[in-house]
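A.B. asks: Encoded as structure tokens, here's the structure I'll be asking about.
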Amino acid sequence: MKKVIAIDGPSGAGKSTIAKHIADLTGFSFLDTGALYRAIAVGLLNYELDEDSGLTKITETLKKLSIKYENGSVILNGIDVSKEIREERISHYSSVFSALKPVRDFLLEVQRQCAKDSNIVAEGRDMTTVVFPTADMKFFLTATPKIRALRRFEQIKDDYSNVTLEQIEKDIIIRDQRDMERDVAPLKQAQDAILIDSSANSIEQTVEQIMKEIKNKGI
Ligand code: DC
């Protein structure tokens, strides 16, 4: 395994944006693992499965899915689904399906494979605890639900005119709860992860804070 900088944290904490900057500055590749869970959701929904479908059916259907992460794009069974995975219904279903063990097992190897050939900055919910427990550097990036909702609202309000800030905040709180309370690989701060609260920070300030820690460690 090459070098891994692992970043976990709740939805909307800015992990992707920050991790992309860190990848650029270190020359590492960027791995957005949420995008992989989102692609699984698209795949399972394409087969008309939902939270009531049962583990046997879901496990069988997973065998029909092939997911690849190539240069920042997510390819599901040969089709680039990078845009579709950002829809709000996919945000919901990726959180729902990601609580299931067969889904997590399915993606474990896909994620580890990404660190076989290149140094990576990987972000998600269980990078520091399950997927890369021996990562060279671990961060837990968070912000208050209100700030996270506001950032998300700013991102999507032009594309989804009927979405409200209140609804986004409500959804974020529900997703946090589901991600933190699930039995398999719940979102939590690893003991050896550095806590970064970005609530009052600009992107640049957070990137600077993280880069300082990385340089201190000599990575
Ligand atoms: O980071 P994101 O919002 O794109 O992730 C979408 C969902 O995928 C999120 O609700 C939880 C799940 N996820 C996960 O369980 N483990 C990861 N490593 C990444 C994402």
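The values are calculated or read from the model by the stated rules, or taken from the named source; none is laboratory data. Here the structure is a predicted model, which means the values were calculated and not measured. Neighbour counts run over all protein chains shown; Cβ positions are idealised from the backbone, glycine included.
A.B. asks: Checking the structure you have, find out if any residue of region 60-68 is modelled with pLDDT of 95 or more and within 13 Å of the chain's Cα centre (by Cα).
C.D. replies: Taking every residue of region 60-68 in turn, none turns out to be modelled with pLDDT of 95 or more and within 13 Å of the chain's Cα centre (by Cα).
A.B. asks: Residue 178: within 14 Å of the ligand (Cβ to nearest atom), surrounded by fewer than 20 Cβ atoms within 10 Å (Cβ to Cβ), of a type outside the set (A, V, I, L, M) and closer than 13 Å to residue 14 by Cα, yes or no?
C.D. replies: Against the criterion (within 14 Å of the ligand (Cβ to nearest atom), surrounded by fewer than 20 Cβ atoms within 10 Å (Cβ to Cβ), of a type outside the set (A, V, I, L, M) and closer than 13 Å to residue 14 by Cα), residue 178 does not qualify.
A.B. asks: While we're on this one: How many residues does region 129-146 hold that are within 10 Å of the ligand (Cβ to nearest atom) and either part of a loop (DSSP other than H, G, I, E, B) or surrounded by 24 or more Cβ atoms within 10 Å (Cβ to Cβ) (or both)?
C.D. replies: 1
A.B. asks: Can I ask one more? Have a look at 173, 194 and point out the one that is within 13 Å of residue 10 (Cβ to Cβ) and free of Cβ contacts under 8 Å to residues at least 60 places away in the same chain.
C.D. replies: Result: 173 is the single residue among 173, 194 that is within 13 Å of residue 10 (Cβ to Cβ) and free of Cβ contacts under 8 Å to residues at least 60 places away in the same chain.
A.B. asks: Something else about it: Among the listed residues 91, 82, which satisfies the condition of being of a type in the set (Gly, Ala, Ser), within 13 Å of the ligand (Cβ to nearest atom) and in contact with a strand residue (DSSP E or B) (Cβ under 8 Å, 6 or more places away or on another chain)?
C.D. replies: Exactly one residue qualifies, and that residue is 82.
A.B. asks: Would a scan of region 182-194 turn up a residue that is crowded, with 17+ Cβ neighbours inside 10 Å, part of a helix (DSSP H, G or I) and touching a helix residue (DSSP H, G or I) at 6+ places or on another chain (Cβ under 8 Å)?
C.D. replies: No, region 182-194 has no match at all.
A.B. asks: I need a count of the residues in region 160-219 that are among the aromatic types (Phe, Trp, Tyr) and either farther than 30 Å from residue 84 by Cβ or in contact with a Phe, Trp or Tyr (Cβ under 6 Å, 6 or more places away or on another chain) (or both).
C.D. replies: Final tally of qualifying residues: 0.
A.B. asks: Now for a different question. Can you say whether residue 66 is surrounded by fewer than 21 Cβ atoms within 10 Å (Cβ to Cβ) and either farther than 25 Å from residue 29 by Cα or of a type in the set (S, T, N, Q) (or both), as far as the supplied structure shows?
C.D. replies: Considered against the rule, which asks whether it is surrounded by fewer than 21 Cβ atoms within 10 Å (Cβ to Cβ) and either farther than 25 Å from residue 29 by Cα or of a type in the set (S, T, N, Q) (or both), residue 66 comes out as yes.
A.B. asks: A further question follows. If you check 98, 73, 94, which single one turns out to be surrounded by fewer than 19 Cβ atoms within 10 Å (Cβ to Cβ), under 15 Å from the mean Cα position of the chain (by Cα) and within 17 Å of residue 32 (Cβ to Cβ)?
C.D. replies: 73
A.B. asks: Name the single residue, out of those in region 105-128 being in a helix (DSSP H, G or I), away from the ligand (no atom under 13 Å from the Cβ) and not basic (Lys, Arg), that is farthest from the chain's Cα centre (by Cα).
C.D. replies: Going through the qualifying residues, I end up with 117.
A.B. asks: Before we move on, is residue 56 surrounded by fewer than 22 Cβ atoms within 10 Å (Cβ to Cβ) and not small (Gly, Ala, Ser)?
C.D. replies: yes
A.B. asks: Name every residue in region 23-35 that is more than 7 Å from the ligand (Cβ to nearest atom), among the hydrophobic types (A, V, I, L, M, F, W, C) and farther than 13 Å from residue 7 by Cα, in order of residue number.
C.D. replies: Once the filter is applied, which keeps residues that are more than 7 Å from the ligand (Cβ to nearest atom), among the hydrophobic types (A, V, I, L, M, F, W, C) and farther than 13 Å from residue 7 by Cα, region 23-35 yields 25, 28.
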